[in-house]
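Notes to accompany the following structure.
The values are calculated or read from the model by the stated rules, or taken from the named source; none is laboratory data. Small disclaimer: the values here were computed from a predicted structure and weren't measured. Every residue, glycine among them, receives a Cβ derived from its backbone with ideal geometry; neighbour counts consider all protein chains shown. When the accessible area is computed, the model is the full protein with side chains, heavy atoms only, and any ligands, DNA or RNA have been set aside. Shrake-Rupley method; radii C 1.70, N 1.55, O 1.52, S 1.80 Å.
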Amino acid sequence: VVSGNVVGTGITPVARRIKDDDATNDRATRAEELWESWAETAADIEGAHTYAGLESVTARGWVEAGEAFIRRRIDPSLIAIGQVPLRVEVLEADLLDETKNERTTGNGRIVQGVEFDGVGRRVAYWFHAEHPGEGHPFGVGRSPSVRVPAEDVIHLFLPLRPRQVRGLPFLAPILAMKADLETFERFELARKQTE
């Protein structure tokens, strides 16, 4: 429901047109045609979704995990064949190497897979190439994390406090109450059975 309310059928840009300026309006029409072609067939690096589908997957990940990552991938070879060289890769929160916590040069640091420079700016993210839980029982054989510059990543999350590093799932605040209710129901059922 939240995903549907956030992105609907997809957020689509519209090129600006200027009255009585045919050249600008022709460029605007061409830009919209390029966008539509790219969004429908070439946006997803995996080729599984349209751009609207990527928006929906991203919004669902944001609600479920409290964060999602969108990585920009540039493929210059596509320019030669007249295609937009941009691809988008949506990464779920589990791919961020949260075990990576260390100091870096220049008084920087890495916290839960997010690298900061000495001033506190995000400069990189450390991602696993494969999902840490897929086919690797107990973490054996887990793929090493790879550094991705922050300029190529959108970290979608809602910060609730200053300098917050990671997102919080939307339902996290009610999980403790839900656990208490389950415990209450279990004990109440046991009491009724004893009666």
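Given R0 = 25 Å, the distance between the Cβ atoms of residue 32 and residue 1 translates into a calculated FRET efficiency of 0.25. Rounded to the nearest 20, the Cβ-based charge dipole of segment 1-126 about its Cα centre (Lys and Arg +1, Asp and Glu -1) stands at 440 debye. Taking all protein chains as they are arranged and a probe of 1.4 Å, the heavy atoms of residue 94 leave approximately 80 Å² accessible to solvent. For residue 100, the shell of other residues with beta-carbons less than 10 Å away shows a net charge of -3, using +1 for Lys and Arg and -1 for Asp and Glu. Compared with the dominant Cα axis of the chain, that is its longest principal axis, helix 172-194 is turned about 30°. Excluding ligands, DNA and RNA, the accessible surface per residue across segment 33-169 is 59 Å² with a 1.4 Å probe. Counting Lys and Arg as +1 and Asp and Glu as -1, what is the net charge of the other residues whose Cβ lies under 12 Å from the Cβ of residue 31? The answer is 0. Here the chain has 56 percent of its accessible surface on carbon and sulfur atoms, given a 1.4 Å probe and all protein chains in place. Taking mean projected area of the Cα convex hull in nm² as the quantity of interest, determine which of [x] 10.8; [y] 10.0; [z] 18.4 was computed from the displayed structure. Matching the structure shown: [z]. Taking other residues whose beta carbon is less than 15 angstrom from the beta carbon of residue 74, and scoring Lys, Arg as +1 and Asp, Glu as -1, yields -1.
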